[in-house]
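Visitor: The structure that follows is given in the form of structure tokens.
Just so it is clear, none of the values below were taken in a lab; they were calculated from the coordinates. A quick note: this is a predicted structure, and the numbers were derived from the prediction, not measured. Here Cβ is always computed from backbone atoms with ideal geometry, including for glycine, and neighbour counts include all displayed protein chains.
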Amino acid sequence: MRAEYLDGNAITLLETGGDFFPALIAAIDAARHSFQLETYIFEDDTVGAAVADALCRAARRGVVVRVLVDGFGAADFARALAPRLKAAGAGVLVYRPEIARFRLHRERLRRLHRKLALADSRVAFVGGINIIDDIDPAAPAAPRFDYAVRVEGPLLAPIHHSMARLWQLVSLTRLRRGFRPSAPVSANSRGSLRAAFVVRDNLRHRHDIENAYLEAIGRARSEILIANAYFLPGGRFRRALLDAAARGVRVTVLLQGRVEYLLQHYATQALYEGLLQAGIRIFEYHRSYLHAKVAVIDCCWATVGSSNIDPFSLLLAREANVFVDDRGFAAQLRQSLDTAMRDGARELSCEDWQRKSWLERLASRLAYRLVRLLIAIAGQGGPH
């Protein structure tokens, strides 16, 4: 399905947890009717405790609080934080809590990876930031690099619908009653931005996020800038980037420079040579862990969300992105990414790849093929 853009939105860019968590907690504390939260990770740390405390306060003053977490990403949530929330009166559900440790099957790999919040159906948050302390002890001055957006306006209607529907679906699997917020959705115009809320699921919206990217890349005339934590695009996505570079579009990707997941790190590097030879610029971010999933195209189109450009996000997980068609918002995100590349990243060259030992290059190619094999075993037929 094509992305449906709605006019009249107010959208605020939030950079790292330093912007996001205070705004989220303020929204929880201001909620009077309902508050819904979906997250992949809900950690029992300083940040998680602060968010949980705010949710408990809201529930105790009569706000209908509903929290939905992923059973893998938030594996300890049911033991560590859920009892406190339930005792305060909040509703808690876990998406796919049963993890098969010794079986690789697509039903077990389909995770809830999106990060959404909705307060009183009047303000929402969409992005890539989990409920977890984003400060790296080894580099306390450089938090995990990520983004979210605060949304008001007509875009709240599809966000509300998507969250309510998923809560209903998960409730049915647990034989529980569904839930709808008591407050109506405030879909009145709140600003001037044109934006779309796009999800990826395993039914009607299997390729919606990828298709929205591909449509924007196909229209690009001057510049494509993508920042993505886990970048392992399939054939269609790679061809779109290569075609854009061939027609003279400046294509730049900002990727993870630190090794967080070994297999993913080396698999991504297997793509470097072909991208660099096509004239695509690659920057690796080293200042902290890069967790962003954003892009800016032609200084007028931008996206912020939870979806990586890899098989897990584009083929298996539930994801959610906001796509914004606004020059001012795109310029703000572009400036933030420029600063990140200037202050915390290093540009790579073809010579960098060629200087790697044959063993490193072999490891990258083997890692890439292994990832493709794992996706095929999971029943998806590999990246497309």
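Visitor: Any chance you could list P(r) for the range 195-377, counting all Cα-Cα pairs in 5 angstrom bins from zero, rounded to whole %?
Guide: Pairs per bin, as whole percents: 1, 8, 16, 21, 23, 17, 9, 3, 1, 0.
Visitor: Cα-based Rg (one decimal) and Dmax (whole number) for the range 196-292, in Å?
Guide: Over the range 196-292's Cα set, Rg and Dmax evaluate to 14.0, 39 Å.
Visitor: Placing unit charges on C-beta atoms (Lys and Arg positive, Asp and Glu negative, everything else neutral), compute the dipole magnitude of the chain about its Cα centre in debye, rounded to 20.
Guide: Value, rounded to 20: 1280 debye.
Visitor: What does the charge dipole of the range 246-384 about its Cα centre add up to, to the nearest 20 debye, if the Cβ of each Lys and Arg holds +1 and the Cβ of each Asp and Glu holds -1?
Guide: On the way: 17 positive and 14 negative charges, 50 e Å.
Value, rounded to 20: 240 debye.
Visitor: When only C-alpha pairs under 8 Å and at least 6 residues apart count, what is the relative contact order of the chain, in percent?
Guide: 20
Visitor: Oh, and also: Just to be sure I understand: with springs between alpha-carbon atoms less than 10 Å apart, which residue in Q36, Q332, Q354 has the highest mean-square fluctuation in the Gaussian network model of the chain?
Guide: Most flexible of the set in this elastic network: Q354.
Visitor: Would you grab the residues whose amide H sits under 5 Å from the one on V92? Only those 5+ places off in sequence or on another chain, please, with H modelled 1.01 Å from N.
Guide: Residues meeting the criterion, in which the H sits 1.01 Å from N, are V67.
Visitor: I've got another one for you. Can you tell me the equivalent ellipsoid semi-axes for the chain? Use √(5λ) from the Cα gyration tensor, largest first, whole Å.
Guide: The answer is 33, 24, 20 Å, longest axis first.
Visitor: What does the helix-only formula give at 222 nm for the chain: each DSSP H stretch with n ≥ 4 adding -39500 (n - 2.57), the total divided by the residues, and the result rounded to the nearest 500 deg cm²/dmol?
Guide: Working: 13 runs with 145 residues, N = 384.
One gets -11500 deg cm²/dmol as the mean residue ellipticity at 222 nm.
Visitor: Follow-up question, since we're still on this one. Could you work out how far the C-alpha centroid of the range 211-256 sits from that of the range 53-85, in angstrom?
Guide: Answer, in whole Å: 38.
Visitor: Turning to a different aspect of this structure: Per-residue HN-Hα couplings for the range 224-237, Karplus 6.51 cos²θ - 1.76 cosθ + 1.60 at θ = phi - 60°, whole Hz, x for Gly and Pro?
Guide: 10, 10, 10, 10, 8, 5, 10, 10, 8, x, x, x, 4, 5
Visitor: Take peptides 159-172, 113-126 and line them up by average Cβ neighbours within 10 Å, highest first, as a rough protection proxy.
Guide: Peptide ranking by packing, descending: 113-126, 159-172.
Visitor: Now for a separate question. For a quick check, take a GNM of the chain with Cα springs below 10 Å and name the residue from Y285, Y95, Y266 with the largest mean-square fluctuation.
Guide: Largest GNM mean-square fluctuation: Y266.
Visitor: A further question follows. Averaging sequence separations of C-alpha pairs under 8 Å and six or more residues apart, then dividing by the length of the range 195-377, give the relative contact order as a whole percent. It would help to have the intermediate numbers written out before the result.
Guide: Details: 332 pairs, mean separation 53.0, N = 183.
Here the relative contact order equals 29 percent.
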